[in-house]
Amino acid sequence: MMLVKGAAVNILPKYVQKNFGKEALTQWLNSITPAAREVFDGSISAKDWFPLKEAFIEPTATLCQLFYNWDYKGAWELGRFSADQSLRGIFKLFVKFGSPEVLINRAGVAFSTYYDPSTIKVQLDDQGFPIMRIMEFADIDKLVEMRIGGWIERALEISGCKNVGIKITKSLTKGDSYTEYKISWSK
């Protein structure tokens, strides 16, 4: 069973409340599945592990349904919000003063610690831009791919990159052997 770290899970209700208000948060909580509601009824420790489907995929699908008219853009925006939340304080300084390439390499390592089991590899293309590939990720969903893409985009913007481009060129959800993010920005 695929697991997701609590730090990725506890962002969901924060995102809903910040962007749509307290009443929307109540609506979202009342709309998620009973199994998902069990996750969000208690306190979510950033260090605990939760089932991916109940704690992440189903609640994110409900977010997209309720507030984005079924558009996966909601998962992308959630990823951007997650980057804003996770790259604060000392981490923001690291991001600001590190190179984008180093940021993407570290992000690849970090994602593997948030999703278990997963394997993520980063390499450079012919122009020196990073390509991130999710090689192993049981039960991956397009919503997860979108959230990761949004996180990468916002993290690079925080680091000072302009005109960030993230293209998902291959997808495990479409039967490819890996999910691939081609990443670019103005140099």
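The values are calculated or read from the model by the stated rules, or taken from the named source; none is laboratory data. The shown structure was predicted, so the numbers you read here are calculated from the model rather than taken from an experiment. Here the Cβ is made from the backbone with ideal geometry for all residues, glycine too, and neighbour counts use every protein chain on show.
Taken over region 16-71, the criterion of being in contact (Cβ under 8 Å) with a residue 60 or more places away in the chain, of a type in the set (Phe, Trp, Tyr) and buried (at least 20 other Cβ atoms within 10 Å of the Cβ) is satisfied by Phe56 alone.
Screening Asn19, Asn69 for residues that are modelled with pLDDT of 95 or more and more than 16 Å from Leu143 (Cα to Cα) leaves exactly one candidate, Asn19. Taken over region 155-179, the residue count meeting the criterion of being buried (at least 23 other Cβ atoms within 10 Å of the Cβ) and either of a type outside the set (S, T, N, Q) or within 19 Å of Gln85 (Cβ to Cβ) (or both) is 2.
Between Gly165, Gly108, Gly89, the distinction of being more than 19 Å from Asn10 (Cα to Cα), at pLDDT below 90 and among the small types (Gly, Ala, Ser) belongs to Gly108 only. Considering region 30-146, the qualifying helices (runs of 4 or more DSSP H), each wholly inside and each with 1 or more residues that are farther than 19 Å from Val4 by Cα, run over 58-67, 73-86, 90-97, 100-114.
Let's see how each residue does on (1) more than 18 Å from Leu52 (Cα to Cα); (2) without any contact (Cβ under 8 Å) to a residue 24 or more places away in the chain; (3) not small (Gly, Ala, Ser):
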{"residue": "Val102", "(1), (2), (3)": "yes, yes, yes"}
{"residue": "Arg133", "(1), (2), (3)": "yes, no, yes"}
{"residue": "Gly160", "(1), (2), (3)": "yes, no, no"}
{"residue": "Asn163", "(1), (2), (3)": "yes, yes, yes"}
{"residue": "Thr169", "(1), (2), (3)": "yes, yes, yes"}
